[in-house]
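Peer 1: Mind having a look at this structure? Questions to follow.
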Amino acid sequence: MAKIPTSDLAITRAYGPHLSAAVRMGGEPEKLVKTHCCFCGQQCGIQLKVRQNEVIGFEPWDEFPFNRGMLCPKGVKRYLQGSHPDRLQSALRRDPSSPSGFRPMPYTEAIELAARELGRLQEAHGPSSVAVLGGASLTTEKAYLLGKFARVALKTPYIDYNGRLCMVSAGAGNRRAFGIDRVTSPWSDMLETGVVWVAGTNVADCSPITTNYVWQARENGAKVIVQDPRITPIARTCDLYLPVRPGRDAALFAGVLHLLIENADKGWIDRDFIAANTIGFEKAADYCRAWTPARTAEVTGVPERSIRQAAEIWGSARSSFLLHARGIEHHSNGVENVLGAINLVLATGRIGKPNSGYGTIVGQANGQGGREHGQKCDQLPGLRDISNPEHRKYVARIWGIEERDMPGPGVDAYEIFRKIDAGEIKGLLSICFNPKVSLPDSGFVTRALEKLEFYAAIDFFLNDTARHADLVLAGSLQEEDEGTVTQVEGRVIKINQAVEPPGEARQDWRIVQDVARAMGRPKGFDFESPRDIFNELRVASQYGIADYSGITYEKLTEQMGVFWPCPAEDPKTRHPTPNHPGTPRLFEPGSYNPIAKGAGPFYFPDGKARFHAAEYRTPVDDPDESYPLFLTTGRVVSQFLSGTQTRRIGPLVDQYPEPRIEMHPRLAAKHGIADGDWVTCETRRAEITLRAMVVTTIRPDTLFVPYHWAGPKSINRLTVAAQDPISKIPQFKVCACRLRKAAGAPDYTATLEPQQ
Ligand SMILES: Nc1nc2c(c(=O)[nH]1)N[C@H]1C(S)=C(S)[C@@H](COP(=O)(O)OP(=O)(O)OC[C@H]3O[C@@H](n4cnc5c(=O)[nH]c(N)nc54)[C@H](O)[C@@H]3O)O[C@H]1N2
Ligand SMILES: Nc1nc2c(c(=O)[nH]1)N[C@H]1C(S)=C(S)[C@@H](COP(=O)(O)OP(=O)(O)OC[C@H]3O[C@@H](n4cnc5c(=O)[nH]c(N)nc54)[C@H](O)[C@@H]3O)O[C@H]1N2
Ligand code: SF4
Ligand SMILES: [Mo]
C-alpha cells in the first residue's frame, strides 16, 4: 500500500542554507515593486525588492494609507517563499513507484491529462460528476474566472471555496440585515470613536494593523470591550473583558439588548433611527425580553455586573465601532450570533455616520473580493444570486450563453466532500484550498479524497490535500501575477507583478483557461491578461450590489485603492458617473444605492435595515459528563491558515514551532499537568497528543489549540463537522473534549498515512 507523507516531515524550512544566494545576501535591488502582502485580509502595502527575477527582500511602503509602512512578522518574511526549494516548478503526476509519490510531467501533457480525465468523467456520468474548489487568497480576477469556468466550461453546479470556512456567517448576516455584505466604514472612522467592541477576534495575532487602530482609538479616549473565552493581548488592556463561554454569543448580545431597551429613557437606544430606518425591532425586543441579566450570566458565564457594564458603556456612547471575526462566526449558530451583534448597532443607530462603524474582520488576502464575484455555490458576479432569473439573464448575456444552459445553485464545500464520499462527484479540480488540514473532522475528508477517480490540484507548494491528487499543476505565487483584491475595509487594491513564474509553473488564470481550451470548450476563455478579465468583471458586476464597473487599474494605482460600490453609471438615471470616487462609508444619506434608489440608506427596496430575533441555540457536541471541556481552535501570529506557506518559513516556525494545548492552571493542576508536559485531548472523533501551555489567560473550562499543522498535529482531526444551517460554516470554535496527562511524547514519525 502506498504511503502519503504528511507535510511536516516532507517540507523544508527555509533558512540560511536553503535560501538562494541572492536572498541570503540581500543587497541592492534592480527594482522596487509596490504591491501588498500575500497573507491576511488587512492587505498591507509593501514594496518588494527584485533582482534577476527573484524577490530578495522588502521595504516598507509608507504612503499606503491603511498600514503606513507597518507590517507583522508574516509580511516581513513573506519574501522567503519565492525561491524556496519546495516551490513547484513543473506539473507532477502521481506515481506510487517514485519515492516522493510523484514524477514531473511536461506542462502541455499535464493540461491534456486534466482535460481528458475531466471530460471522460463528464461524458460517462454527466456534468455534475465534476466539482471545483477555489479560494479567497486568489485575486478577484481568478475568482471570477473560476466561477465562469465551472458554469460555462464544465457546466457543473458544484463549485465552492475555502471562504465557506471563513466569511459566510458574516456574509449571510450582513445580507439579511443590510442587504449588502461589506464593512460599513473605513478604519479611519475608528480613531475618534467612543467605544470599540471587539467580539470573538484576537486582533493582536490575526489582524495586527487593526489592533493599531484600536489602540489609537483608545489613546483618543475610546473605551474597549472584548468578548472572548481567552484574555487575548487586546483584552489585557481593555476597559471591560467579557469571558464568554464558547458558543454563547447570541445569548450575550440578547442580554445586552435587553438592558439597552430597559434603559431606553437614558437614551441607550435611538428610537428615531429605529423608526425611520429599520423594520423588525419588535421581533428582536420580544426575543430578548427573556434574557434578563441573571439568565444571560448563567448561560454565558459572564458575570452579571459585566453584562450591565457592557450595556452601559455601549448604550451611553456617542459613537461606536463593533468588530467581530471567526470567534462568533465559526458556529452552528454563526449567522444568529452575527445578527445579534448587528442588533446592538442598529438599536443605537450608530451606522452610516462619521466616527461609527460595524464590520467583520476579513480573513484571507481576498476574503472580501473572493466572496463577491461567483466562486460561491449560490452566487454570480457582483454579489448576484444564481437563483434569481434576472441575475442569471444578465450574466448569461455577458458570458455569451443561454440562460437555460447555466447550472443552478450547487452545495457548500463540505457537502461537496459528502458527495464525493457518496460517489456522486468523481472528479475534482482544486485551487488555493487545503481542505485536508482546514476542514473539520478531517479523517472523513481524507477518506473522501481517496475515492475520487480523478483529482487535479493547482498550487505552488505540494500541500497536504494535493498529496492525494492524481495531477498537481504548478500555479503562481501572488508576486508572479497582477490583479486586484479587496481588503478588509472594502477597498479594492492593485496587486502588481514582481517576477515571472519559474520553470514550468504558470499563472493560475492561464492554467484554468488552458484546461477549458484543451477540453474543447474555448469560448469565453481567451483572456490575454488579468486586465482583460477585470474589464469583463466590471461589466458583469455592473448594477449589482458589488458594482466594480467604475473601477479601472489606473484609478486603483492613482488613488491607492477604490472602495466599492463604484458605479460607472447610475442605474436610476442611466447617467454616466465617470469619476465616481468609490464609497468609503456605506449608508450615508444620499450615497449610491442601486437597490433602494433613494428610498433609504440600506440595500433593500424599502431602504430599511432589518432587526432579527437572533436566537441562541446550544452548540452541537456541547460538553457533557463524558467530555466535560470545551475545545476551541484558532491562530497564532506567526503561522497562517493550514501552514502550507508559513511552516516553510524558518524564522516564522521558530516563533511558534509546534501546536500546544492552552489551558488554565486550575484545570492543569486538577489533572496533574505542568507547563510543557505531554497531554492528550480527546473528542468523540479522535485524540491528539501535544505539549501543554499553562496560561492564566483562558477560561478554566476551555482548551485552545491553533490549527496550522498537518497530520498527527492537526487539530481538525478532532473538530466536529456541524454546520450553520444558513451559512454552512463549520462549528470550528466549539466541541466537547476531555483531557489527560500523556505517558510521553507521541511518535511523530508515524506521520505516514496509508492510502485507502
Ligand atoms: N497570524 C495569523 N493571522 C491571520 C490568519 C492566520 O492564520 N494567522 N488567518 C486570517 C484568517 S483567514 C482569518 S479568518 C482571521 C481570523 O481572525 P480571528 O477570528 O481573530 O482569529 P481566531 O484565532 O480564529 O479566533 C478569534 C478568537 O475567537 C475566540 N473564540 C473562540 N470561541 C469563541 C466563542 O465562542 N465566542 C467568542 N466570542 N470568541 C471565541 C478565540 O479565543 C480567539 O481569540 O485571521 C486572519 N489573520
Ligand atoms: N480548526 C479550525 N479550522 C479552521 C479554522 C479555524 O479557526 N479552526 N479556520 C478556517 C478558516 S477561517 C479558513 S480561511 C480556512 C483556510 O483554509 P485553507 O484555505 O485550506 O488554507 P490555506 O493554507 O490558505 O490553503 C490554501 C492553499 O492555497 C495555496 N495558495 C495560496 N495562494 C494561492 C494562489 O494565489 N494560487 C494558488 N494556486 N494557490 C495558492 C497555498 O499554498 C495553500 O496550499 O481554514 C479554516 N479551518
Ligand atoms: S497584517 Fe496581514 S497583510 Fe499585514 S503584514 Fe501581516 S499578514 Fe500581511
Ligand atoms: Mo479565514
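Peer 1: Once phi is turned into ³J(HN,Hα) by the Karplus curve 6.51 cos²θ - 1.76 cosθ + 1.60 with θ = phi - 60°, what whole-Hz value does each residue of the stretch 690-703 show in order, with x for glycine and proline?
Peer 2: Working through the residues one at a time gives 9, 7, 7, 10, 8, 9, 7, 9, 9, 4, x, 9, 10, 10 Hz.
Peer 1: When a footprinting reagent is the concern and you count Cβ atoms within 10 Å, what order do Met519, Met167 take, fewest first? The partial results should precede the final answer.
Peer 2: Details: Met519 20, Met167 30.
Listed from fewest to most nearby Cβ atoms, that is Met519, Met167.
Peer 1: Taking the alpha-carbon centroid of each part, what is the distance from the stretch 710-746 to the stretch 674-694 in angstrom?
Peer 2: When both Cα centres are located, 12 Å separates them.
Peer 1: Can you tell me the Rg and the Dmax, both Å, for the Cα atoms in the stretch 168-360?
Peer 2: For the stretch 168-360, the Cα-based Rg and Dmax read 14.9, 40 Å.
Peer 1: Counting other C-beta atoms within 10 Å, and keeping those with at most 14, which DSSP coil trypsin sites (Lys or Arg not before Pro) do you find in the stretch 66-102?
Peer 2: Working: sites: Arg68, Lys74, Lys77, Arg78, Arg87, Arg93, Arg94; in loops: Arg68, Arg87.
Passing both the DSSP loop test and the Cβ count: Arg68.
Peer 1: Right, here's the next one. Amide H neighbours of Leu690 under 5 Å, counting only residues 5+ apart in sequence or on other chains, H built in-plane at 1.01 Å?
Peer 2: Val679, Cys681
Peer 1: Share of antiparallel DSSP beta bridges in the stretch 629-751, in percent to the nearest 5? Don't skip to the end; give the middle numbers.
Peer 2: Numbers: 14 of 23 bridges.
Bridges in the stretch 629-751 are about 60 percent antiparallel.
Peer 1: Take the Cβ-Cβ distance between Leu191 and Ser529 as r, set R0 to 25 Å, and report the resulting FRET efficiency rounded to the nearest 0.05. Please list the in-between numbers first.
Peer 2: Numbers: r = 38 Å, r/R0 = 1.54.
Efficiency for this residue pair is about 0.05.
Peer 1: Further question: What spacing in nm lies between the two simple spin-label points modelled at Ala745 and Asn53, each 7 Å away from Cα in the Cβ direction?
Peer 2: Label at Ala745, label at Asn53, 4.3 nm between them.
Peer 1: Tell me the trypsin sites (Lys or Arg not before Pro) within the stretch 515-607 that lie in a loop according to DSSP and have at most 10 other beta-carbon atoms within 10 Å.
Peer 2: On the way: sites: Arg517, Lys523, Arg531, Arg538, Lys555, Lys572, Arg574, Arg585, Lys597; in loops: Lys523, Lys572, Arg574, Arg585, Lys597.
Taking the stretch 515-607 and a limit of 10 other Cβ atoms within 10 Å, the loop trypsin sites (Lys or Arg not before Pro) found are Arg574.
Peer 1: Moving on. Project the alpha carbons of the chain onto their principal axes and report the range along each, largest first, in whole Å.
Peer 2: So the three principal-axis extents are 74, 73, 56 Å.
Peer 1: What nm value, rounded to one decimal, do you get for the distance between Glu109 and Glu554 when each label is placed 7 Å out toward the C-beta?
Peer 2: In this crude spin-label approximation the distance works out to 4.7 nm.
Peer 1: Could you state the number of Å between the C-alpha centres of the stretch 52-80 and the stretch 406-477?
Peer 2: Their Cα centres are 32 Å away from one another.
Peer 1: What do you get for GluC sites (Glu not before Pro) in the stretch 18-117 restricted to DSSP loop and a cutoff of at most 16 other Cβ within 10 Å of the site's Cβ?
Peer 2: On the way: sites: Glu30, Glu54, Glu63, Glu109, Glu112, Glu117; in loops: Glu30, Glu63.
In loop regions of the stretch 18-117 (DSSP not H, G, I, E or B), the sparsely surrounded GluC sites (Glu not before Pro) are Glu30, Glu63.
Peer 1: Let me ask something else about it. How far apart, in nanometres, would the label points at Glu402 and Gln89 be if each is projected 7 angstrom from Cα along the Cα-to-Cβ direction?
Peer 2: 5.0 nm
Peer 1: Output the pairs from Lys49/Lys494; Lys34/Lys74; Lys148/Lys608; Lys74/Lys494; Lys376/Lys419; Lys670/Lys713 with a Cα-Cα distance over 22 Å in this structure; if there are none, say none.
Peer 2: Over 22 Å apart, Cα to Cα: Lys148/Lys608; Lys670/Lys713.
Peer 1: Using the count of nearby Cβ atoms within 10 Å as a rough guide to exposure, how do Val734, Val488 rank from fewest to most?
Peer 2: On the way: Val734 29, Val488 24.
Going from sparsest to densest Cβ surroundings: Val488, Val734.
Quick note: the coordinates plus some simple rules give every number you see, no bench work behind them. Every value quoted in this text rests on a predicted model; they were computed, and no experiment measured them. Cβ sites come from the backbone with ideal geometry, for glycine too, and all protein chains shown count toward neighbours.
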